[in-house]
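Asker: Okay, handing you the structure first.
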Ligand code: KIV
Ligand code: ZN
């Protein structure tokens, strides 16, 4: 008999802890809906105690999602558990995930607590969480570097207290498959009440082993994997959902359990997360990279044409790769637009939302006569990202570049509703534009990243620009898309500034309590 492998997605929580990957509430709802279409079992929507904004985002996801379990993270503190329970209360099905560090280095330096006190806090937290739900997950943070005897003790105690899922994190990405997997097997074997809980793993990718460690754990008895779309996450990221799912599905011969996800939605999710966060997917990334199913060399192409299985172990269509269809043009009407958007999984909540996006579509169709699916998705992404409370808006931009002359940009911005203009110079059109913007806003931030990608091919394609700024330790990404890459760059810079000014202070869940 084949068991179910539970897929727990933490893109909206651990993924968002990646510097610059913070998302607005609307963006989180969009990603949560895409994850629901992907049919992940659990969506970890955030850490409600981090800030008012995080609380509201988790609440909004809880209100929206019906088919997946919505989960909220809480430290082993009553105040965090209260916030999580409140944010999740309207969900059709919810889980509270509580955690405390168990490795000697974390207990001594971060928590400044004795192991006995840590066990006591963990048990208290699980019992408290059980007041709100019978779906409680417990994680011993930095389990990968914890003493196995101590892990057995604390895990047995939290199962007795009512934890139904035990998640074993390799918080710092230190584990090796030959060691991490068997460790899970030994825990299951040694803990007398282990049969009362599901064992889960949560692996970070610091040594590039997150997926391998997760799979090894499954071979040793784990039945839940915590992972993120595109492997987004703290530092080098988390185990990537698409790799974990496709490895288990492709090697059914090795695994005693299978995930119940709709793999055809994988590529959609990957593109959405990339476009929302501004983190591009490398072309050679397994499953979702642009080259993942491209057979460049003549020998490979010949083999694939004669028999697909010569070089293909999976089918591109099974993870959502289809031809990028040209579907709409400047004469397409509102109904055709609404219907194609629905096929792409984008429903409009109000007629006003539809009209606003349709107007953007018409403006784009005036500049670019063939509109592809990817253009439509970018339209939605930029509409959602511009919903960030805009303090600074672009009114107009005039750029002059000429061989042998210094590029010049004249910009007019609306700042808090008042128009202001400036002229900037730079080494190129984009540099001059950013310098003009800074003359007005004087943000005193540092530009960490500027990147341009094309959404579709051709010289009339939309350029998608990502900008990352840092100010006083806060790192924020912003995006802009336009057929003119200088305008796309100005929009991306302003989007980043608006995100930098908004959002307020947030508490990191794994920081010092
Ligand atoms: O990496 C980690 O240990 C975590 C826990 C909060 C589960 O993200
Ligand atoms: Zn983590």
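Asker: How many Å³ per residue does the convex hull of the Cα positions in region 391-497 occupy?
Answerer: Details: hull volume 10.3 nm³, N = 107.
Output value, Cα hull per residue: 96 Å³.
Asker: While we're here: Test of understanding: what is the full-extension gain from residue 86 to residue 472, defined as 0.36 nm times their sequence separation minus their Cα-Cα distance?
Answerer: Between residue 86 and residue 472, full extension yields 135.8 nm more.
Asker: Test of understanding: what is the full-extension gain from residue 63 to residue 343, defined as 0.36 nm times their sequence separation minus their Cα-Cα distance?
Answerer: Contour length minus Cα-Cα distance gives 98.5 nm.
Asker: May I pose another question? In degrees from 0 to 90, rounded to the nearest 10, what is the angle of the helix 148-161 Cα long axis to the longest principal axis of the chain?
Answerer: In the chain, helix 148-161 runs at an angle near 90 degrees to the longest axis.
Asker: Return the inverse of the average 1/r over all pairs of distinct C-alpha atoms in region 176-238, which is the Kirkwood hydrodynamic radius, in Å to one decimal.
Answerer: Answer for region 176-238: a Kirkwood hydrodynamic radius of 11.9 Å.
Asker: Kindly state, as a whole number, the per residue volume in cubic angstrom of the convex hull around the alpha carbon atoms of the chain.
Answerer: Per-residue hull volume (Cα only) is 167 Å³.
Asker: Quick one: what does P(r) look like for region 51-97 with 5 Å bins over all Cα pairs, in whole %?
Answerer: Pair shares across the bins are 5, 26, 35, 23, 9, 2.
Asker: How large are Rg and Dmax for region 1-112 when only the alpha carbon atoms are used, in Å?
Answerer: 14.6, 46
Asker: On a 0 to 90 degree scale, rounded to 10, what angle separates helix 78-88 from the longest Cα axis of the chain?
Answerer: Tilt relative to the chain: about 60 degrees.
Asker: Now for a separate question. I'd like the distance separating the alpha-carbon centroids of region 11-81 and region 389-404, in whole Å.
Answerer: Taking the Cα centre of each part, region 11-81 and region 389-404 sit 36 Å apart.
Asker: Another question, if that's okay. Pop a pseudo-label 7 angstrom from the Cα along the beta-carbon direction at both residue 351 and residue 110 and give the gap in nm to one decimal.
Answerer: Label-label distance for residue 351 and residue 110, simple model: 5.3 nm.
Asker: Output the peptides 338-345, 401-408, 59-66 sorted from most to least packed, where packing is the average of other Cβ atoms within 10 Å over each peptide's residues.
Answerer: Highest to lowest by the protection proxy: 59-66, 338-345, 401-408.
Asker: How far is helix 351-367 tilted off the main Cα axis of the chain, in degrees rounded to 10, range 0 to 90?
Answerer: 50 degrees
Asker: Sort the following peptides by mean Cβ neighbour count (other Cβ atoms within 10 Å, averaged over residues), highest first: 134-142, 434-442, 121-129. Could the numbers behind the result be given before it?
Answerer: Working: 134-142: 22.9, 434-442: 18.3, 121-129: 21.3.
In decreasing order of mean packing, 134-142, 434-442, 121-129 become 134-142, 121-129, 434-442.
Asker: A further question follows. With Rg and the Kirkwood Rh both taken from Cα atoms, where does Rg over Rh land for region 118-176? Present the calculation step by step, with values, prior to reporting the outcome.
Answerer: Details: Rg = 11.6 Å, Rh = 11.7 Å.
Dividing the radius of gyration by the Kirkwood radius yields 0.99.
Asker: Now for a separate question. Report the extension gain between residue 179 and residue 383 in nm, rounded to one decimal, defined as 0.36 nm multiplied by the number of residues separating them, less their alpha carbon distance. Numbers along the way, then the final one.
Answerer: Values: separation 204, 0.36 × 204 = 73.44 nm, distance 4.67 nm.
Full extension of this stretch gives 68.8 nm more.
A short reminder: the numbers here are calculations on the coordinates, not readings from a lab. Everything numeric here is computed off the predicted structure, so don't read it as measured data. Methodologically, a virtual Cβ is constructed for each residue, glycine included, from the backbone with ideal geometry; neighbour enumeration extends over all protein chains shown.
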